[in-house]
Amino acid sequence: MAGPLVGYRVLDLSRILAGPWLGQLLSDLGAEVWKIERPGTGDDTRQWGPPFLKDGESNDTTESAYFLSANRGKHSICVDIATNEGSAIVRALAQQADIVIENYKVGDMTRYGLDYESLRKLKPDIVYCSITGYGQTGPMKDVAGYDMAIQATGGLMSITGESDDMPGGGPQKVGVPIVDILTGMYSATGVISALLHRERTGEGQHIDMALLDVQVSVLANQNMNYLTTGTPPKRYGNAHPNIVPYQVFKTRDGSFVLAVGNDQQFRNFCAASGLTELATDVRFLTNTDRLYNRDQLIPLMDVHLAKQTTRHWISMLEPVGVPCAPINRLDQVFAHPQVIHRELQINLPHSSGAVAPLVGNPIKFSRTKIEYSKSPPLRGEDTVHILKTVLKFDEARIQRLNDRRIVDTGTHPRHSSPGRPD
């Protein structure tokens, strides 16, 4: 059975990560996604390498790994929206689309007649999603937003990293651009909800997504820790502000995660690890007790757990239902039997002649199975096809537009100097 969004068309005017992540997710769900890129250079992330995709002879292609991470399944159309003819082409495509995604600065799209108000006059039921750093309104609406800046402004870095009084202490960003990714995911929820509203009412609408809004929203229990006490949470490194023991412990040959979530799990841990006396110690009977007495409990566990290997502790604790895990590198992750079983790595033939190793979508439908029909595109590889089939342009017109650099038909060599426009 076809994916749940088959038949819907998405005009993706975004670049970098948050918007492209949304577009890729919609493509995975079956939508046809037209990615509009800058002639000559394309999406900024095409130059964000090394590393680059390798061909069959282990030579670098021009395709950055970063670009590959967020653009699977899309059709690349290179059009210069700063020209009258280019913006007219994109407006014509918008009239054939159900969804528009853009992540330009507030007001930029108005210059090209590609803002929501302009497009809804042409297509009243359009679902239009704008993604910015700080939103379409407010005192910071005109400030450019970048993931790390949002992690700092929105409080995430204040609770991430080792405690200030520990070696290496201080604020840290998350190891991936998590705010961009979460914004793409929240935006997908917004877009699909707007489509459901349109199905019921026939109305389109504008969705205003801000990275800062998402960042603040996802702080979850840490938000409530502050709002219920008035005291800003501090950094605990790999420990947990509300649960003990729930952190990384060193072993004889490395480290592992121990995530004791309730009092029964703590008793099971004590029995399986040989620390039976801790289970009846009045300082540690409940999670609340353990929180108050964290500084007394953790040193006792540190000394004991360091005596055996990571494998030993996991083999002892996992069978009795105590949550624990090794800390894997990515090579170990993709070799993990569960990751292999869940088909999280996929390989798709790429237009460069290489095979692109990609990460599959984690959604598992019982009927509308996700299908991966298209690798992340070469810059402009679908320009001719979309202009011909959707807008009915003839070869001569497309060639004239290409000669004038209004469009880019993607006729560039397979290999060139990595990271440079060809």
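The values are calculated or read from the model by the stated rules, or taken from the named source; none is laboratory data. The structure presented is a predicted model; accordingly, all values stated were derived computationally and were not measured. Virtual Cβ from ideal backbone geometry, glycine too; neighbours counted across all protein chains shown. For the accessible areas, the whole protein counts, side chains as well, though only heavy atoms, and no ligand, DNA or RNA atoms are used. Shrake-Rupley method; radii C 1.70, N 1.55, O 1.52, S 1.80 Å.
For this structure, a couple of remarks:
- Shape call, the chain: gyration tensor on alpha carbons, a/c limit 1.5: prolate
- Here Asn238 and Asp125 are evaluated by their C-beta separation; at R0 = 56 Å the FRET efficiency comes out at 0.70.
- Based on the convex hull around the alpha carbon atoms, the range 187-335 presents an average projected area of 13.6 nm².
- Here is how the number arises for the chain: DSSP H runs of 4 or more residues each give -39500 (n - 2.57), the sum is divided by the residue count, and the result at 222 nm is -10000 deg cm²/dmol.
- The fraction of Cα-Cα pairs per 10 angstrom bin, counted from 0 for the range 103-147, comes to 28, 48, 22, 2 percent, rounded to whole percents.
- Relative contact order (%) - criterion: Cα under 8 Å, at least six apart; region: the chain: 22 percent
- With all protein chains kept in place, the per residue accessible area of the range 295-383 amounts to 60 square angstrom at a probe of 1.4 angstrom.
- Förster-model FRET efficiency, 51 Å R0, His304 and Met1, C-beta, rounded to 0.05: 0.45
- Centroid-to-centroid separation of the range 146-221 and the range 114-134 [C-alpha atoms, Å]: 21 Å
- To put it simply, the accessible area of the range 154-266 at a 1.4 Å probe is 54 percent carbon and sulfur.
- The spacing between the range 1-62 and the range 320-390, judged by their C-alpha centroids, is 13 Å.
- Between Gly155, Gly321, Gly204, the GNM of the chain built on Cα springs shorter than 10 angstrom shows Gly321 fluctuating the most.
- Cα long-axis angle, helix 220-229 against the chain (0 to 90 degrees, to the nearest 10): 60 degrees
- Overall form of the range 21-109 per C-alpha gyration tensor (a/c, 1.5; a/b vs b/c): prolate
- Of the beta bridges in the chain, as assigned by DSSP with both residues counted there, near 45 percent are antiparallel.
- Rounded D (µm²/s) - the range 88-187, Kirkwood Rh over Cα pairs, Stokes-Einstein at 4 °C, 1.567 mPa s: 82 µm²/s
- Computed lengthening from Leu391 to Asp164, 0.36 nm per intervening residue step minus Cα-Cα distance: 75.8 nm
- In the chain, taking the dipole from charged Cβ atoms about the Cα centre, the farthest positive-side position among Met148, Ile77, Asn293 is held by Ile77.
- At full extension, Val216 and Ser366 could sit 50.7 nm farther apart than now, given 0.36 nm per residue minus the alpha carbon distance.
- Taking Cα atoms only, the orientation of helix 294-305 departs from the longest principal axis of the chain by about 90 degrees.
- Scattering profile of the range 166-224 at q = 0.15, 0.22, 0.29 Å⁻¹ [log10 I(q)/I(0), Debye over alpha-carbon scatterers]: -0.61, -0.94, -1.15
- Choice from Gly184, Gly161, Gly380 showing the highest fluctuation, given a GNM over the chain with Cα pairs closer than 10 Å: Gly161
- Space enclosed by the convex hull of the alpha-carbon atoms of the range 270-347, per residue, Å³: 132 Å³
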